[in-house]
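**Student:** Take this structure, written in structure tokens, and hold onto it; I'll ask about it next.
The values are calculated or read from the model by the stated rules, or taken from the named source; none is laboratory data. Predicted model, so just to flag it, every value in this text is computed and none were measured. Heads up, the Cβs are rebuilt from the backbone with ideal geometry, glycines too, and the neighbour counts pull from every protein chain shown. Quick note on the areas: whole protein, heavy atoms, side chains included, nothing else; ligands and nucleic acids left out. Shrake-Rupley method; radii C 1.70, N 1.55, O 1.52, S 1.80 Å.
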Amino acid sequence: MTTEIKVDHVSLRLGDQNALSDLSFQLKGDKIYGLLGRNGAGKTSLLSLLASFREPTEGTVLINGERPFENQRVMNNVNFIYAKNQNDESETVKGMLEFAERYRPEWDAEYASKLVKRFKLPMDQKVKALSKGKQSALDVVIGLASRTPVTIFDEAYLGMDAPARSVFYEELIKDYAEHPRCIILSTHLISEVASLLEEVVIIDQGKLLVHEPVDILMAHGLSITGPAETVNRLTSDLRVLKQQQLGRTKSVMIYGQLESLRLSELERSGLELGPIGLQELFIYLTEHEGDGE
Amino acid sequence: MCEPMNDGRPIFVQIAEHIENEILGGSLEELAQVPSTNQFAAFYKINPATAAKGVNVLVNEGILFKKRGIGMFVAEHAREKLIEKRKKTFFQDYVAAMLREAEKLHIEKETLIQMIEDGQK
């Protein structure tokens, strides 16, 4: 059975703050989802609801039709991997893996030991003695080898260096291709993971901003560059996310679906059209007044 | 293993183009088996659905065909079809850009033709 996650009018109050407000979306199918948002947007709050750590103040979260909070059946099917402080963890790497093996029915011990070698983890060392990067790598190994139907990686790479992250992405794609499951990546390293994603959910200030397949989202972004006067005349009715001017050349980033007729008109007028990367698009979409400039 | 394709265009378009180039260059022969979408995904570190989308573009154009349960293969006459297709966009993709640049640099038509002739020698 493929996974279905339904978030329906969910609000979460933490103290006197609205961490999430009236959030609704559905994730259908075993895909790799990207959950993106600025610091404090509510990403971890949202994920903690999926992982049964909290209950929404209002609204419902359903994973395959069931509420996750204090629900053992759902909790067994969700694995929440996040950067936690493990500096007091006196268990060894080996012990942590054995623990995961006991609680995760889909655990693949052979795959786990292959990953341990790839990440060069010392089996007999205590977790607290590992560097932050190695601790994160151990989390990633457990997250991958558990093959849990819903696997959430929340900034799981913290402290991992670029080569280790690259191994993580490579193993994630390979293992997902062989064992499709619902994977949610919450990350700030957007340009690193952009090509891994199938769908993107962007939340901003506790609200849903975008939920689209990544190729549709990307197709909505377009940069238009040319003589300022021409750019102004031809883009006045479009949603401009960002504009920059250098001398008489102006560049605008627009967001929205353009008809092909409109596109060829822009091209014929000698304007330069180009794509906007996911990370850039994310920056412009979540930019608020007073953020700079 | 390879860095993800990243020239800004949609990745599935780049995957399709990569396969086209392999066929045009002869490293993928007609009736040869094409790597699976999972292999493409692992190689380029891209989502398998994206790889599948790129492959399906070529299936729809009759460049590749699926054998159920076995895999994906290069169709007969795929190379010819691709040559025809690329010829159609050759002017727009290459000649038009060259003419624009030549105009900026005030390169005369005769000089341009001379350059092409010299380049072909």
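**Student:** Check B:K53, B:K87 and return the single one that is within 15 Å of B:L24 (Cα to Cα), in a helix (DSSP H, G or I) and not acidic (D, E).
**Tutor:** Testing whether each residue is within 15 Å of B:L24 (Cα to Cα), in a helix (DSSP H, G or I) and not acidic (D, E) leaves just B:K87.
**Student:** Got at least one residue in region A:196-217 being at pLDDT 95 or above and in a helix (DSSP H, G or I)?
**Tutor:** Scanning region A:196-217 turns up at least one residue that is at pLDDT 95 or above and in a helix (DSSP H, G or I).
**Student:** Would you tally the residues in region B:106-116 being open to solvent by less than 100 Å² (accessible area, probe 1.4 Å) and not β-branched (V, I, T)?
**Tutor:** Result for region B:106-116: 2.
**Student:** Pick from B:E103, B:E76: which is open to solvent by 40 Å² or more (accessible area, probe 1.4 Å) and either in contact (Cβ under 8 Å) with a residue 12 or more places away in the chain or of a type in the set (S, T, Y) (or both)?
**Tutor:** It is B:E76.
**Student:** Need pairs with beta-carbon distance below 8 Å; first residue within 14 Å of A:I142 (Cβ to Cβ) and within region A:113-124, second at pLDDT 95 or above and open to solvent by 80 Å² or more (accessible area, probe 1.4 Å); sequence gap 6+ or separate chains.
**Tutor:** Taking only residues 6 or more apart or on different chains, the pairs are A:M123/A:K94.
**Student:** Got at least one residue in region A:267-286 being over 22 Å from the mean Cα position of the chain (by Cα), open to solvent by 70 Å² or more (accessible area, probe 1.4 Å) and among the hydrophobic types (A, V, I, L, M, F, W, C)?
**Tutor:** The answer is no; no qualifying residue exists.
**Student:** Quick one: what pairs do we get from region A:216-227, first residue without any contact (Cβ under 8 Å) to a residue 60 or more places away in the chain and open to solvent by 40 Å² or more (accessible area, probe 1.4 Å), second among the charged types (D, E, K, R) and outside any strand (DSSP E or B), C-beta under 7 Å, 6+ apart or different chains?
**Tutor:** Listed by first residue and then by second, the contacts come to A:P227/A:R248.
**Student:** Looking for whichever is open to solvent by 20 Å² or more (accessible area, probe 1.4 Å), under 25 Å from A:D215 (Cα atoms) and within 14 Å of chain A (Cβ to nearest Cβ) here; the options are B:A97, B:A49. Which one fits?
**Tutor:** So the residue among B:A97, B:A49 that is open to solvent by 20 Å² or more (accessible area, probe 1.4 Å), under 25 Å from A:D215 (Cα atoms) and within 14 Å of chain A (Cβ to nearest Cβ) is B:A49.
**Student:** Consider region A:63-115. How many of its residues are part of a helix (DSSP H, G or I), open to solvent by 60 Å² or more (accessible area, probe 1.4 Å) and of a type in the set (F, W, Y)?
**Tutor:** So the answer is 2.
**Student:** Say whether the condition of being over 30 Å from A:D88 (Cα atoms) and away from chain B (no Cβ under 14 Å) is met by at least one residue in region A:132-144.
**Tutor:** no
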